[in-house]
Each structure stands twice: as structure tokens, then as C-alpha cells.
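Take a look at the structure below.
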Amino acid sequence: MQIHNIFPLSIFHDTIELDEEERNNLVKLISNSHNTSTSIHKPENAWTGDIHGHEFLLSKPGFEKIYSLISSKINDYLNMLAINIEKIDLYFQRSWATITKDKQKIQFHTHTQSNISFAYYLLKPKNSGGIIFEMNNTPNSICNNIFAKDKFEKGLIKESNIYNINQAMFDFKQDSIVIFPSQTRHATMVNESGQTRISLSGDISLMLKDSSGFEHIMPNFKHWQKIQKPK
């Protein structure tokens, strides 16, 4: 018997090393954003700047270097996928910080409005929580949600293996950057470190420079026309 595993989901992982002066400056800027937050979040959830009025972080003064370094890694990710970056334009659609204090976490979610998402771990103490990726219906799901958690609990699925798992957890270290398709469902583990974890996250949109002859990839926004409002 042979098993042929095909159609992978690839999670890109690399490192961006910062000197401590640069790291401390970014932490200070992010802390200032947190202190001027527009609303209060639930105590069990991490603070995420994108829904608190700070969703364009990489365009702010002081983030020029990390903006450039993250941009380089995004290009590496596209090269891994053999996408010709000469034919596309890429835009940081949103970028924000997350601050996860002790006993907090980020709930499962997706970023369906964009193409590529990333997380960079600016401060990542030990035991501060890894990232979890989840797929409700994997390619091997012969029935809807057959590999969901409750199916294991009820004994329908006898054991977890590489053919039926629908979750994978990675506990990346400080200075790691992880890049993945935006529609990938993800969350974080609870921070059990007693310290604060800070990450930079962002969503990226991909557009063709020249859409002539293409049907499905997004045309460049430079050719879009704004719809007139009723007079």
C-alpha cells in the first residue's frame, strides 16, 4: 500500500532579528498606541490594534525599518510559491500590533478581506502562547466536519494522525515571522508566561500590474472607477 499526500497548506516561517534598541523603540510606540486605544476589550482577549483605531501601524513614523524587513520576507514567501513578483503589486492593506497579557489569547478567526497575512513576534517570552492553525474540512474530510474535536471525544475517530488532524500548533520564538494565506483559520494559545507578548500583524492585498488576459486575479485598483452616489 502507498499513501500519496498532495495539496499542502504551506506556512512560511523565517526570522527577522532586531537589535535591542530598535526593539525597545517599537515596544514603546506600540505601548503608546495601546494607551490611546479607542475602546475596551474583554479581559480574556488580547488587545488587537486593528479594531481599536490603530490599523495602519507600518505607515507610522518609527516603523520604517521593520516595514522594509517584513516586505522582504513577503517577497520571499511569494518566491517560494513561484509567483512572478514582477507581474503584481502588493499592498499592506492593514497592519497592527497585538498585546497579549498573562492568561489572554486571540480567538479563532480569518482575514477574508485580504490575500496574505503575517505575524512577527516582537516580544515572545517562553510559554506566552503559540499560534494554532485550523481547517474545519481538510481535503480528507469525507463527511462535513468529520474530524472536528467532538468526533474524537465521542469516539467516532479513534486517534489523531497526519491524515485526520485539522489543527496544528507552532510555538515560534521571538523574532520569528510567519506568513500564510489570509483565509487560513487561526488563533493563539493562552499566554501562561506571566509576561506580555507583543506581535506585529498585517494583511496584504495582491493585484495584477496588467490584468489584460487574466480573468480571476484582482485588477489593479488604479483602473477602478468609483461609483457615484445618488444626487
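Read the figures in this text as sums done on the coordinates, not as results from a lab. Owing to the predicted nature of the structure, the values given are computational and were not obtained by experimental measurement. A quick note on method: Cβ atoms are made from the backbone with ideal geometry, for glycine too, and the neighbour counts reach across all protein chains shown.
Observations on the structure shown:
- R0 of 35 Å, Cβ-Cβ distance N24-H109: FRET efficiency to nearest 0.05: 0.75
- Cβ crowding within 10 Å averaged over residues, with 178-187, 67-76, 159-168 ranked highest first: 178-187, 67-76, 159-168
- Ranking of H41, H109 by count of other Cβ atoms within 10 Å, fewest first: H109, H41
- Rg/Rg_globular for the stretch 1-107, with Rg_globular taken as 2.2 N^0.38 Å and Rg from C-alpha atoms: 1.36
- Global geometry of the chain, whether rounded, prolate or oblate, following the gyration tensor of its Cα atoms and the 1.5 cut on a/c: oblate
- Value of [θ]222 nm, deg cm²/dmol, for the chain, DSSP H segments ≥ 4, -39500 (n - 2.57) each, nearest 500: -5000 deg cm²/dmol
- Based on Cα contacts under 8 Å between residues 6+ apart, the stretch 132-185 shows a relative contact order of 48 percent.
- Where labels lie 7 Å past Cα in the beta-carbon direction, separation of N84 and M218 in nm: 2.1
- Charge dipole magnitude, Cβ of K and R +1, D and E -1 - the chain, Cα centre, debye nearest 20: 740
- Three principal axis extents describe the C-alpha atoms of the stretch 139-183; from largest down they are 40, 20, 16 Å.
- Summarising the overall dimensions of the stretch 70-168 from its C-alpha atoms, the Rg and Dmax are 17.7, 51 angstrom.
- Cα-based equivalent ellipsoid, the stretch 104-149: semi-axes from gyration tensor eigenvalues, Å: 27, 16, 9
- Kirkwood Rh and Cα Rg combined as Rg/Rh, the stretch 125-231: 1.13
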